[in-house]
1. Along the positive direction of the dipole of the stretch C:37-175 (beta-carbon charges: Lys, Arg +1; Asp, Glu -1; about the Cα centre), which of C:Ala65, C:Ala83, C:Ile140 reaches farthest?
2. What residues qualify as long-range amide H neighbours of C:Ala49, i.e. H under 5 Å apart, gap of 5 or more or another chain, H built at 1.01 Å from N?
3. Take every Cα pair under 8 Å in chain A that's 6+ residues apart, average their separations, divide by the length, and report that relative contact order as a whole percent.
4. Given B:Lys128/B:Lys213; C:Lys17/D:Lys237; A:Lys213/C:Lys121; A:Lys245/B:Lys108, which pairs have Cα atoms separated by over 22 Å?
5. Going from the alpha-carbon gyration tensor of the protein assembly as shown, what semi-axes, largest first and in whole Å, does one get by taking the root of 5 times each eigenvalue?
6. Provide the per-residue ³J(HN,Hα) series for the stretch D:145-155, in order, calculated from phi with Karplus coefficients 6.51, -1.76, 1.60 and θ = phi - 60°, each as a whole number of Hz, with x at glycine and proline positions.
7. Treat the count of other C-beta atoms within 10 Å as a stand-in for reagent exposure and order C:Met96, B:Met30 from fewest to most.
8. Quick one: Karplus J couplings for the stretch B:167-172, per residue in order, coefficients 6.51, -1.76, 1.60, θ = phi - 60°, nearest Hz, x for Gly and Pro?
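Computed from the coordinates by the stated procedures, all read-outs in this text should not be read as laboratory data. Since we're looking at a predicted model, the values are computed, not measured. Note: ideal-geometry Cβ built from the backbone for every residue, glycine included; neighbour counts use all protein chains shown.
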Number of protein chains: 4
Amino acid sequence: MENVIHVVVWNEFRHEKTHPAVRKLYPKGMHTVLADYLRSLPGVEAATATLDEPEHGLTEAVLDAADVLIWWGHAAHDEVQDAIVQRVQNRVLEGMGLIVLHSAHFSKIFQALLGTHCSLKWREIAEKERLWNVEPSHPITEGIGEYIELPNAEMYGERFDIPTPDQVIFLSWFEGGEVFRSGCTWQRGHGRIFYFRPGHETYPIFYNEHILKVIGNAARWAAGQRVRIPSACPNVKPLEAISPKEIDFGDIEV
Amino acid sequence: MENVIHVVVWNEFRHEKTHPAVRKLYPKGMHTVLADYLRSLPGVEAATATLDEPEHGLTEAVLDAADVLIWWGHAAHDEVQDAIVQRVQNRVLEGMGLIVLHSAHFSKIFQALLGTHCSLKWREIAEKERLWNVEPSHPITEGIGEYIELPNAEMYGERFDIPTPDQVIFLSWFEGGEVFRSGCTWQRGHGRIFYFRPGHETYPIFYNEHILKVIGNAARWAAGQRVRIPSACPNVKPLEAISPKEIDFGDIEV
Amino acid sequence: MENVIHVVVWNEFRHEKTHPAVRKLYPKGMHTVLADYLRSLPGVEAATATLDEPEHGLTEAVLDAADVLIWWGHAAHDEVQDAIVQRVQNRVLEGMGLIVLHSAHFSKIFQALLGTHCSLKWREIAEKERLWNVEPSHPITEGIGEYIELPNAEMYGERFDIPTPDQVIFLSWFEGGEVFRSGCTWQRGHGRIFYFRPGHETYPIFYNEHILKVIGNAARWAAGQRVRIPSACPNVKPLEAISPKEIDFGDIEV
Amino acid sequence: MENVIHVVVWNEFRHEKTHPAVRKLYPKGMHTVLADYLRSLPGVEAATATLDEPEHGLTEAVLDAADVLIWWGHAAHDEVQDAIVQRVQNRVLEGMGLIVLHSAHFSKIFQALLGTHCSLKWREIAEKERLWNVEPSHPITEGIGEYIELPNAEMYGERFDIPTPDQVIFLSWFEGGEVFRSGCTWQRGHGRIFYFRPGHETYPIFYNEHILKVIGNAARWAAGQRVRIPSACPNVKPLEAISPKEIDFGDIEV
C-alpha cells in the first residue's frame, strides 16, 4: 500500500464571493488555505471541491481516490443534492474518513451519518474561546498543548444534539459562559468521523497554526486503515452440519 | 404525569395476507399478537398501525400520543413514505422510544437514525438460536434467565453494520456457526432505541413467552422519562459580561 | 419487590469537626443534610455511616440492605481500610448503586472501580461555576433546567483522568477559564455509578435545591433494577452434543 | 521519534515446567514463541519477562523502555506482587499498551485496570471455536478474514464481567453452544488495552498464524502515540481575571 493519503477539501465557497470581509481573509476560499496547509505535510496530497462545480466536485472518481474528505458548509446546506450526500455517505461507510468543520454541523452529510439534528446554541460577538485538550494521547492532539486559545470565535453552546461520541477530544470554554464538545469522534461503518468546531468564516481561524495542526493530525487519523469494504447482505450457507428441521409450534395450533 | 405508557405497534402487515403459512400463524397480523400481549401488562396501553393505512397509520396525532413505537417490516421498506419516516425520526429525537424488530434492521427509520446500512449475513433453514443474556441487570432482561432458546430461527450473522451500541443486551449463537448482536440499545436525541433480532414471520416467535417478556420490558424501558424536547438552534445572549471585541488578525494582513 | 429504596450516605466527617467554618455550615455533618433531604423524598429511606465508626459504618449487614451508597471524602482517603473498600466494590459489582461526590474523585473506592488515577486540576478561590445540563432527558436531570449556577465553587479542571463515561450528564464552565465533566455515569458489573462534582465543604453547596434534586434523582437512578448478582466463574457442561476430540497439532511436531 | 516499538512478553511460565504436555508444545515457554514471532516483524523489538525472575522481570527500567506489555498468566495470579501490579498499572495509565491473553482475564493487572471481577463461564473439552471478525477495518484485524477457526479450544462463555468495551473486535462461537466477546479494547488513562481470548496452554494456539498476526497487529495498535504522561493533580492559577469573592450563603444562616 502506498503511504500517501489523499484528502479532498470541500467548501461551500459562497461567503468568500459575497462577503467582502470573508473575501479579504480568504480570497481563494477557505478550502485553498486548508489544502495548501495539507500539501505542506509529508505524505499528504490534497485536492479541493466546491458546491458550484458539477456534482459539487464530488464525482465517483474523486471519492474513489479520496482517503479523507473535509467538509465546510454554512448557508447552502440545502443546495447539496441528496444523491451526492448519499454517495458521500456510502463512501464513508466503506471506509473513507470525514472531517466536519464548524457550521457543517448542520450539513446533510453530518446529519445523515449521525441520525440526529445536530442542533446547538450560538452567538456571534467575537468572544474568546479556549479549547481544552481532553485526550492528549490521541493522534489528533499530537503536538497540541493543554489548550488552544482563540481570541475571537462564534460561540456554540450545549446541548449539542449528537449521539454520544466515541471520544470527546476537545471541550470548549466560552467567555460568555457556555461550554461545548468541540472535538468529537465517531466510527460509522468503516469510516472515521471527526467533528471540529472552530472555523468561522469572518475570523482568521484557518490561519491559526494550532487549528491547522489539529486538522492535519485528524486527516491522518481519519484515513485509518484505508480499507474499502462495500455493504453486502449475503445469504450464506451454514458452516456447521445441520439436520433438516421441522418447525416447532409449541402450544400454538396452526 | 400519568403512569400509563402508550405503545403503538407498527406492522407492514403484508406477509400475513399473501403467505398462507404466515396467515395461519398470525391470522390478525403480528401487530395484533404483540398489542394484545402489551395490553395484558399493567400500566401499558397499546394501539396498532399498518403500512396500508392512510399515512401508514402514523399521523401526527398518533405519534403525539405515543411513548413508544414498535416496528416490524420486511418486504416493503421502500413503500414507507420518506415524509413519514422523517416524522417518526423527529418524534424519536424528541423523546419517543423505538423498538425495531428482526427484518426491520433494513427499515428506513432504523437506517435514518443509525446512519449505517445495517446489513448482515442471513440464512433461513429453521436452525436453532440461543440468545445469551449479556446484561442480566438491565431493565430489558428483567425476568429473563441466562439465555432464550428458539428451536427455529432465521439466522442473522455478523458483521452487523451498526454503530457501536450503547449496550449489547443479547448475543446470539446459531446452530450453523454464526454469532450476532441480537439485542442492542442506542440513544438518539432524547429517544431510546432497542433493536431485537427475533421475529421471523414463518415461525411462532411472537408467541414465545420469553420473547414477549423482552418486548414488554423494552417498551417500559424505551418510554424513558417521557420527555418531549423539540430541536432548536437558538441565538442566545451571553451569560457573562463581555467587553466589545476587535478581531485579532494576528500576522494575517487583510 | 418493595418499592422503597435504601440509601446510605457515607461521609469522612472530619472537616466538620476540625474546621470552624465547615462546622458552622454543617454542624451535624454533610451526611446528615443529605440524608435528611433524601428522607423527605417519597419512597426513599436513608441512613448514614462515617469513617470513624467501626468498619467505617459499612458492615456486611449495612451494605446488604443498601440499594445505593453515597460517598464523600477528602483528607482521609488513606484511612479507609482496603478490606472495606473491597467489600464495597464487591457490593457495587453485584448491583448496588454508588454516587461519588466532589473530592471523593480521589477515594479508593472510585479509583478501584474505574482503574484510573482520577486526577484533575484544581483551584479554590470561590469562583462561579455553571453546570450545563447536557442530557435533559436523563432520569438524573429530571426537573433541572438548562444549567445550575453556583456562585462559589472550588474549581476542578480537565483533563479528568477517568475512563470515557457511559454518559456525560453535566459539563461545567468556570469563571477562571476551565471546563470539567461534572456529572458522569458508568456501569461496573451490575452497579451504576454517578460522579457528581459539586460539594466543597466550605460552601453551602448541599443546601442548594438543584444540587439536592440531582442527588435525589441520582439515588433513584443508581438503585437500578436492584438485582443482586454475585460473581461466579462456573465450569459448565456443553449445551450441544460434542463428539470426543483429538487435539489438532497442525504442522507442530510435539 | 524512533519508529521501532519495544514489546515485553510476560509469562507466568509455570505450566511449561510442570505439565509435560505443555512443555512438549512450548519447551521454552509461550513467551518465547510470542517474542520470536514479534521479532520477525519489521519495526518491532521484543523482550521477555517471567514470574520467577526478580521483580517478575518487570523492573522500572524494563517498563520504562516498554511501549507494550503482553501478559499471560493462569495458576499463579496471586503470586504477582501488588507493588509490581501497581507499577504496571501506573505505566499503562501513562501510555504503555497492554495485551491480556486468555486466562489472564483473572490477572490482578487486568482486574485493577477494569475494576470488575472479569469472571466468565468455562469448559475444557477441546471443542471448536470460531472467532468472528466484527471490526474488519480495525488495525488489529488487518489481514484477518471473516473469522478465525480453532479446532480445539477451552471454552469461555458469557456473561464476561467487564466494563462495556470501547470496541468489540472478535465475537466467538463455540461448538458447545456459548458465545464470548473474545477481542475487546479499552483505553485507561493514556494506555490502550486489548483482551484476546485464545491461548490455552495445552493447545498449539500460539503457533496459529492468524492468532499470531492478531497479536502482532495488536502490539502496533497498543503502542499508540507512545506518549508518556504522568498523573498530576496541580493547583492552577485562573486564566481569566476574577474579582475577589465573598461566599454567598443564600438563605443559610451561618
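1. The one lying farthest along the dipole's positive direction is C:Ile140.
2. C:Val9, C:Trp10, C:Asn11
3. Values: 497 pairs, mean separation 48.9, N = 254.
Once normalised by length, the contact order is 19 percent.
4. Numbers: B:Lys128/B:Lys213 20 Å; C:Lys17/D:Lys237 29 Å; A:Lys213/C:Lys121 25 Å; A:Lys245/B:Lys108 33 Å.
Over 22 Å apart, Cα to Cα: C:Lys17/D:Lys237; A:Lys213/C:Lys121; A:Lys245/B:Lys108.
5. Details: eigenvalues 316, 263, 230 Å².
Listed largest to smallest, the semi-axes of the protein assembly as shown are 40, 36, 34 Å.
6. These are the phi-based 3J(HN,Hα) values: x, 5, 7, 10, 10, 10, x, 9, 8, 6, 8 Hz.
7. Working: C:Met96 28, B:Met30 25.
Fewest to most other Cβ atoms nearby, the residues stand as B:Met30, C:Met96.
8. 9, 9, 9, 10, 10, 9
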